[in-house]
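What follows is a single structure, written as structure tokens, with notes after it.
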Amino acid sequence: MAETPSTRMTLWGLLQNILPFVRPYRWLVAATLVFTLIGSLMAQVNAVVLDRAVDAINALMQQPGGVVWKAAVRILATISIVLLSKEVIGAIVTFCQRYLGERLRILVSRDLSLKVVERVLSLRMSFFAEADNETGRLQSRIDRGIMSLSNTVNNFFIEILPLFTSAILALVLMFAANVYVGLVALCIIPIYFWVTNIQAQRMKGGRRNIFGGHQAVSQGILSILESMAVIKSFNRQKIEADRQADLQLSMTDLQLATRRQSYFFNGLKSFLEQIGTVLIIILTAYLVLTDYPGMSIGKIMYHVMLFSNVSAPIRQLHRIYDDMNDALIYAEGFFGILHADKDVEATGTYRPKQVHGDFCLNHVDFTYPGGTHALHDISMNIPAGKITALVGLSGAGKSTVINLLDKFYQPQGGSISLDGHDLNEWDTECLRENIGLVLQKNHIFEGSIEDNIRYGQPNATHEDVVRAARQAFIYDQIMQLPNGFKTSATQLSGGQQQRIAIARMFIKNPPIIFLDEPTASLDAIATEQIKASIDAIKAGRTVVIISHNIGQIIDADYIYVLQNGHLVQSGTPETVYREGGLYKDIFDASARSMNVDKIANAMHV
Ligand code: ADP
């Protein structure tokens, strides 16, 4: 059953979804249930003791010769022993029950997180490009989902189950003591349920909106943290703070309205409970006064205490309802991720021994999940062992072509093949093993420089790492750091991090290389060095390069010029330049911006 986040989760659906996570711990559940049952029996002891004690003391006082102290002491000693033993056993039972319940919660929470991380890693890129799945929103859905679902498991075994078992036992004892008293208690329950249900219905929308609000706040804070330098440089602190304030204020109103409703209904239910208690007292007193068989003065306390055991879970009902409603809302988002089967990255089975690197795009049409129609009817050949450059202004669709070749996204129209096999037939892991991707900004992971270089090839030796660092012209700089290769990679500058990414590719040594503006963030010396090392690695491989650097484009064997998602020119750099058009415009503008004439003059001085 594939559920999307928009599917409304039912209680039954929630239980079905959560059961697989509880099943491995069935013995823990069984042990918790045994303690629950013992605990529920213990909960009735006070009522029984009080009933017997009042009647026994009453009988003593009625004796003609006055109170017999020996008998009184015996009664008091029995009461003390029973109540103390009950407390000791109760404490042990509560400890075991809470500990086991908590253990269950922690284990289920751990399994839920493991499962969701595994699932998130298996999803295709288009899932993350959807507006509902922005990082902050996704993080909030995952965090709150795990918290709420594991709490549900805990609530169920530690709170709901003991309370309801105790309520049912108390009700049985009330019926056993007197049918009428039992009936009064039984009649109050549906009224409680009815009121609680109205309360839950009224508050559901509010709670759902609060959940949405939490996600928006979370996303807002994340985007502030991510853009701190830009915010400060444009002095936008106040505007950003005001934007957050608007979000928070609307949340506050919603939260207060929800609380108001909640307090109103809680008051109403307390009132109903008191009415129930009064009715029980009046009825029992009437039965005692009319000498109803089996009725004694002790029964008044007995019934009131039993009724309190019956009403205790009902008093908690709204909280349980709230928790359940939260769990239902959070479960929608959480299991929406776990059940996003249609978003799991597809893979084929084709795993050739050797990859040549002949790509062929045939009438490819692609639109991002957000609705941007990025590529229109693109057909191109990217031959093996050659350098192909993608040229065009920003937003033309160059990176999108690479995204499709790497199978990050799938085209809605047309087809893409590699070495004559459709990309869908390719085993995705095998495909990516054979592709080296260097982006304009590459992610550096927490950890040492060595670990970062080794990222794509965990088995590489230290010598391999050193060789790759030399090829990427970063070795000398690494050796100057106090801890050399053991230094944390996040301390490196942008340009250095870029060369770590290039070293990663050297170590991976793939037959196909995609370079998406690899030198955009480097200084001139580094760019020249990187160009030299990229030239070295290019030999005999399929290279697709996107660059604004004319020096890198004219080295290409073939170029494709893109404009607003359309292919407008193609051919060797010289022929396309001679054709005129967009490529010539870009080329000339680039030369002018570099002030080539003056540079040439300066070099000849
Ligand atoms: P280029 O690499 O030529 O600068 P891109 O391929 O990155 O251009 O982008 C092409 C179009 O697709 C642009 O309009 C861009 O806004 C859009 N786009 C790029 N990435 C995404 C994404 N992840 N989600 C939605 N739209 C995107």
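Against the definition (among the aliphatic types (A, V, I, L, M), within 8 Å of the ligand (Cβ to nearest atom) and either assigned to a strand (DSSP E or B) or at pLDDT below 95 (or both)), how does ALA374 come out, yes or no? Criteria met by ALA374. Of everything listed in (1) at pLDDT below 95; (2) part of a strand (DSSP E or B); (3) among the aromatic types (Phe, Trp, Tyr), the single unmet condition for TYR577 is (2).
In this structure, does ILE81 turn out to be surrounded by 15 or more Cβ atoms within 10 Å (Cβ to Cβ) and in a helix (DSSP H, G or I)? It is false that ILE81 is surrounded by 15 or more Cβ atoms within 10 Å (Cβ to Cβ) and in a helix (DSSP H, G or I). Taking ASP291 as the residue in question, decide whether it is of a type in the set (Asp, Glu), free of Cβ contacts under 8 Å to residues at least 12 places away in the same chain and in a helix (DSSP H, G or I). When the stated conditions are applied, ASP291 does not pass them. Just so you know, in the range 289-309 the residues that are at pLDDT 85 or above and within 48 Å of the chain's Cα centre (by Cα) include one that is nearest to ALA176 (Cα to Cα), and it is LEU306. In the range 388-409, the condition of being more than 28 Å from ALA520 (Cα to Cα) and either more than 16 Å from the ligand (Cβ to nearest atom) or assigned to a strand (DSSP E or B) (or both) is met by no residue. Residue selection: VAL364 fails the criterion of being crowded, with 17+ Cβ neighbours inside 10 Å and within 9 Å of the ligand (Cβ to nearest atom).
Taken residue by residue, the range 213-233 has at least one member that is within 26 Å of ASN266 (Cβ to Cβ), in contact (Cβ under 8 Å) with a residue 60 or more places away in the chain and not basic (Lys, Arg).
Filter the range 325-346 down to the residues that are β-branched (Val, Ile, Thr) and buried (at least 16 other Cβ atoms within 10 Å of the Cβ), then identify the one that is modelled with the highest pLDDT.
By that ranking, first place goes to ILE337.
Filtering ARG144, ARG137 for residues that are within 16 Å of the ligand (Cβ to nearest atom), surrounded by 16 or more Cβ atoms within 10 Å (Cβ to Cβ), in a helix (DSSP H, G or I) and of a type outside the set (A, V, I, L, M, F, W, C) leaves a single hit, ARG137. One residue stands out among those in the range 520-547 that are farther than 21 Å from GLN496 by Cβ and either within 16 Å of the ligand (Cβ to nearest atom) or surrounded by fewer than 17 Cβ atoms within 10 Å (Cβ to Cβ) (or both): the one that is modelled with the lowest pLDDT, which is ALA539. Cβ-Cβ distances below 9 Å connect the following pairs, each with a first residue in the range 365-390 that is under 24 Å from VAL355 (Cα atoms), a second residue that is among the basic types (Lys, Arg) and within 11 Å of the ligand (Cβ to nearest atom), and a separation of six or more residues or different chains: LEU390/LYS398. Consider the range 378-387 and keep the residues that are out of contact with any Asp or Glu (no Cβ under 6 Å at 6 or more places or on another chain) and not in a loop (DSSP other than H, G, I, E, B). The one that is nearest to the ligand (Cβ to nearest atom) is ILE378.
The values are calculated or read from the model by the stated rules, or taken from the named source; none is laboratory data. In this text the structure is predicted, and so the values were computed from the model without any measurement. Cβ atoms come from the backbone with ideal geometry, glycine included; neighbour counts cover every protein chain shown.
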